[in-house]
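To start, the structure under review is shown below, and the notes come after it.
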Amino acid sequence: MSARDDEVQALVEQLSAQLDRSVLVDDASLRLLAYSPTLGSEDEVRKTAILTRETPRVIRDLHFAQGIANATQPVRTAPRPDIGLESRVCVPIRCQGALFGYLWLIDADQSLTDADCQAAELTAAEIGTAMYRRDELERPQREHELKLLEALLGPDPAEREEAAHELSAQELLIAGAHVAVLAMRPWRGGGTEHEAELPTSERARLGLALDQFRRALPRRQSLSLVHGDHGVMLVALDGRHGTLDELAARAQDALDQAFADLPVRIALGYSGQHEHLRDANRAHEHARLSLRVAGALPEHGTPAGWDDLGAYRLLARAAETAHARELIHPGLPKLFALQSKESLVQTLEAYLDNGCDTKLTAEALFLHRASLYYRLQRIEAITGTSLKSGADRLALHSGLKLARLVGTHPALRRTHGD
């Protein structure tokens with residue numbers, strides 16, 4: 001435990017003794033940081049958090065739904081006896097405008113006084129200051145790590161080799177481990193959003209969320225930075241702390257919670273495992289392409305792993321080319337341009353997604369089979385294709401997905417009112 005963690009623990013125990021009740025502190029993603037000995041009432045949720053260092057997802061969702069992420073004053077959360085959750089008072093931990101976490105007091109009988117809440121607020125302010133100081137003390141080391149990580153992911157092979165050597169020599173990552181890269185960003189929709197710069201506030205929040213997530217990982221397992229348009233985490237995998245898929249899922253969960261109060265979803269893509277640290281540049285490229293798929297194609301799901309992208313590997317690379325829109329079948333823009341584009345494009349995509357099974361497609365679209373056949377005939381006439389041709393079906397299907405990746409699909413334009 002670091003000196004700053006010791007300070008937080010001491011403040012928690014001091015408040016617990018003062019109020020004669022249990023105190024618990026979480027980070028901004030509701031991961032346990034410190035807790036006092038049990039005093040007074042206790043519920044199953046507190047016991048689970050102490051045993052696992054995690055707050056169950058259903059509980060996190062309940063807490064965030066009550067506005068704790070935006071709170072600047074104590075918030076009383078509602079009890080849920082059916083899942084072992086007593087009423088609590090949540091005090092946000094903030095410093096210099098940044099949210100560092102939450103201080104929790106179980107108050108099942110609502111016996112906390114105004115003076116008790118004021119004492120909790122003072123302690124939360126002290127904890128926020130301690131956590132802010134910790135970040136400031138770590139800043140020089142973080143800046144050094146950032147410089148090496150930027151070089152490792154950069155375009156110059158000599159600089160990448162030198163950065164890999166320095167990271168290993170200084171033992172900043174687990175020696176001999178395979179590496180992978182995760183890429184992530186808040187996503188509002190649209191195939192070309194990956195190119196947009198993140199607002200300063202979102203970059204800061206993403207950086208803080210990544211720092212807090214890294215602290216929950218074993219030492220020397222990860223490094224992170226935030227580019228203008230996405231965040232990056234380099235992870236070392238030695239097989240002792242879960243799989244890459246599990247790590248990506250945990251990162252997704254933590255980032256979802258960190259942005260729970262904003263009207264965005266977090267898209268996350270990750271590479272496969274690479275044997276050598278010098279391969280991190282290629283891993284980053286794969287993670288970035290996977291991020292593009294996770295963002296532009298919600299049906300694919302997030303987090304999206306490079307090893308599981310299948311045909312989307314090819315499409316994501318195609319979307320990166322200078323004239324990607326020219327690769328889309330020429331019949332599709334004609335279909336996109338029609339006033340009835342929503343139903344016809346949706347029909348075509350559903351038909352192809354369902355393996356050209358008319359029964360499944362009609363059920364998915366709530367259509368009579370005859371109506372579906374009529375639409376498919378219109379689509380063939382407009383696009384100049386035959387849906388009996390495997391080559392035409394391939395061209396149309398890949399073109400529809402590529403249109404999502406490059407931002408020309410009607411569903412994306414409709415979402416953004418373009």
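Checked against the criteria, residue 313 does not count as surrounded by fewer than 20 Cβ atoms within 10 Å (Cβ to Cβ) and touching an Asp or Glu at 6+ places or on another chain (Cβ under 7 Å). Taken over segment 257-280, residues that are outside any strand (DSSP E or B) and out of contact with any Pro (no Cβ under 9 Å at 6 or more places or on another chain) amount to 13. Only one entry of 294, 254, 283, 209 meets the criterion of being modelled with pLDDT under 95, closer than 29 Å to residue 157 by Cβ and part of a helix (DSSP H, G or I), and that entry is 294. Annotation note: Cβ proximity below 9 Å between a residue of segment 184-198 that is surrounded by fewer than 23 Cβ atoms within 10 Å (Cβ to Cβ) and a residue that is modelled with pLDDT of 70 or more and of a type in the set (Phe, Trp, Tyr) (sequence gap 6+ or interchain) occurs for 193/187.
Return yes when residue 108 is out of contact with any His (no Cβ under 8 Å at 6 or more places or on another chain), crowded, with 20+ Cβ neighbours inside 10 Å, outside the structural domain of residue 258 (by TED's automatic domain parsing) and outside any strand (DSSP E or B) and no when it is not. So residue 108 does not fit the description; no. Taking residue 36, is it modelled with pLDDT of 85 or more and touching a strand residue (DSSP E or B) at 6+ places or on another chain (Cβ under 6 Å)? Judged against the criteria, residue 36 is a match. Screening segment 1-100 for helices (runs of 4 or more DSSP H) wholly inside it with 3 or more residues that are in contact (Cβ under 8 Å) with a residue 24 or more places away in the chain, among the β-branched types (Val, Ile, Thr) and under 19 Å from residue 111 (Cα atoms) returns no ranges. Screening 279, 253, 261, 308 for residues that are farther than 27 Å from residue 93 by Cα and touching a residue at least 12 places away in the same chain (Cβ under 8 Å) leaves exactly one candidate, 279. Only one entry in 297, 277, 314, 268 is out of contact with any Phe, Trp or Tyr (no Cβ under 9 Å at 6 or more places or on another chain), of a type outside the set (Gly, Ala, Ser) and farther than 26 Å from residue 177 by Cβ, namely 314.
The values are calculated or read from the model by the stated rules, or taken from the named source; none is laboratory data. Since the structure is predicted, the reported quantities are computational estimates derived from the model, not experimental observations. Note: ideal-geometry Cβ built from the backbone for every residue, glycine included; neighbour counts use all protein chains shown.
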